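**Student:** Before I ask anything, here is the structure I am working with.
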Amino acid sequence: MNILLTGFEPFGGEAINPSWEVARALDGQLIAGATVHACCLPTTFAGAPAVLGEALAALRPGLVIALGQASGRAEVSIERVAVNLIDARIADNAGERPQDVPVRADAPAAYFSTLPIKAMRDALRAAGHPAGLSLSAGAFVCNQIFFELQHRLAGQGVRSGFIHLPALPEQAARAQPCVPSMGLAAQIDAIRLALAVALADELPVPAGPDEGAPTS
Ligand code: PCA
């Protein structure tokens, strides 16, 4: 089985993005017999969906987790819901700042994660990693990609979702004021564990948005 693990290129004037550092560190690793394939998405509204679509078509993954950076968050943040809204607070890497537009005009208002989010949170905490559930992935490129992912895989029987990561210590040290951070090795361990927990889930994948509410 293939696992697709996506990260984003640096954005907002930063030189590094923990999401891509974590994804590329896990690229090629075997987790419970499944192979991780890392894919770097451009942090642009116009470019990211097509790169995601190509990776989905090429790999036909049995599990997909998209990663992004959320500076200011103190924990590995397992997102519950993707909303059909783009409202950029800063420009993306192409200089675009769309506001108050849907991700897809022809799609539902929201999709839930189909990952075993509470089991993942509990396993991460038990392993000593700060982790929690989040009710908003924002309204920037991460939420757009989370929404695209859930829309494209709705009814396909493939578990998918989104996890936001804290800043790396070197990013936190340059922020004014400093923000919470988590070291890269710990972030990599946490996402490896999150993938293992998602793979171990034997419940049927929720078929669509109406049935996608987390039950665990
Ligand atoms: N974080 C941004 C986009 C890319 C990333 O890593 C976000 O939260 O939308």
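Read the figures in this text as sums done on the coordinates, not as results from a lab. Not measured: the values here are computed from a predicted model. Glycine also receives a Cβ, built like all others from the backbone with ideal geometry; neighbour counts cover every protein chain displayed.
**Student:** Could you work out the local net charge near Ser181, counting Lys and Arg as +1, Asp and Glu as -1, over the other residues with Cβ closer than 14 Å to its Cβ?
**Tutor:** Once positives and negatives cancel, what remains is -2.
**Student:** Next question. If N is the number of residues in the chain, what value comes out of its Cα radius of gyration divided by 2.2 N^0.38 Å?
**Tutor:** For the chain, the normalised Cα radius of gyration comes out at 0.93.
**Student:** Of Pro42, Ala105, Ala119, which is farthest towards the positive pole of the stretch 1-143's charge dipole, taken about the Cα centre with +1 and -1 on the beta-carbons of Lys, Arg and Asp, Glu respectively?
**Tutor:** Positive-most Cα among the choices belongs to Ala119.
**Student:** Rounded to the nearest 500, what is the 222 nm mean residue ellipticity of the chain from helices alone, with -39500 (n - 2.57) per DSSP H run of 4+ residues and division by all residues?
**Tutor:** It comes out at -9500 deg cm²/dmol, rounded to the nearest 500.
**Student:** Further question on the same structure: Scan the chain and note any complete DSSP helix (H) whose C-alpha atoms cover at least 15 Å along its axis and whose Kyte-Doolittle average is -1.0 or more.
**Tutor:** Result, helices passing both filters: 48-59, 141-153, 184-200.
**Student:** How much length is gained if the chain between Ala107 and Val51 is pulled fully straight, taking 0.36 nm per residue apart and subtracting their Cα-Cα distance, in nm to one decimal?
**Tutor:** My answer for the length gained is 18.2 nm.
**Student:** Build a GNM of the chain with springs between Cα atoms under 10 Å: which of Glu202, Glu54, Glu148 gets the top mean-square fluctuation?
**Tutor:** Looking only at Glu202, Glu54, Glu148, the largest GNM fluctuation is found for Glu202.
**Student:** Tell me the label-point distance for the pair Ala173, Asp201, using the 7 Å Cα-to-Cβ offset, in nm and rounded to one decimal.
**Tutor:** Reported label-point gap for Ala173 and Asp201 is 3.7 nm.
**Student:** Something else now. Take the Cβ-Cβ distance between Ala91 and Asp27 as r, set R0 to 30 Å, and report the resulting FRET efficiency rounded to the nearest 0.05.
**Tutor:** So the FRET efficiency works out to roughly 0.55.
**Student:** Roughly how many whole Å is it from the C-alpha centroid of the stretch 179-201 to that of the stretch 39-93?
**Tutor:** Computed from Cα coordinates, the inter-centre distance equals 17 Å.
**Student:** P(r) of the stretch 1-68 in 5 Å steps, Cα pairs, percent per bin?
**Tutor:** Pairs per bin, as whole percents: 4, 19, 28, 24, 15, 7, 3, 0.
**Student:** Let me ask something additional. What is the fewest-to-most order of His37, His164 by other Cβ atoms lying within 10 Å of their Cβ?
**Tutor:** His37, His164
**Student:** Write down the radius of gyration of the stretch 51-142 and its Dmax, each obtained from C-alpha positions, in Å.
**Tutor:** 15.0, 42
**Student:** I would also like to ask the following. What ranking do 38-46, 73-81 get when scored by the average of other Cβ atoms within 10 Å per residue, highest first?
**Tutor:** Descending mean neighbour count gives 73-81, 38-46.
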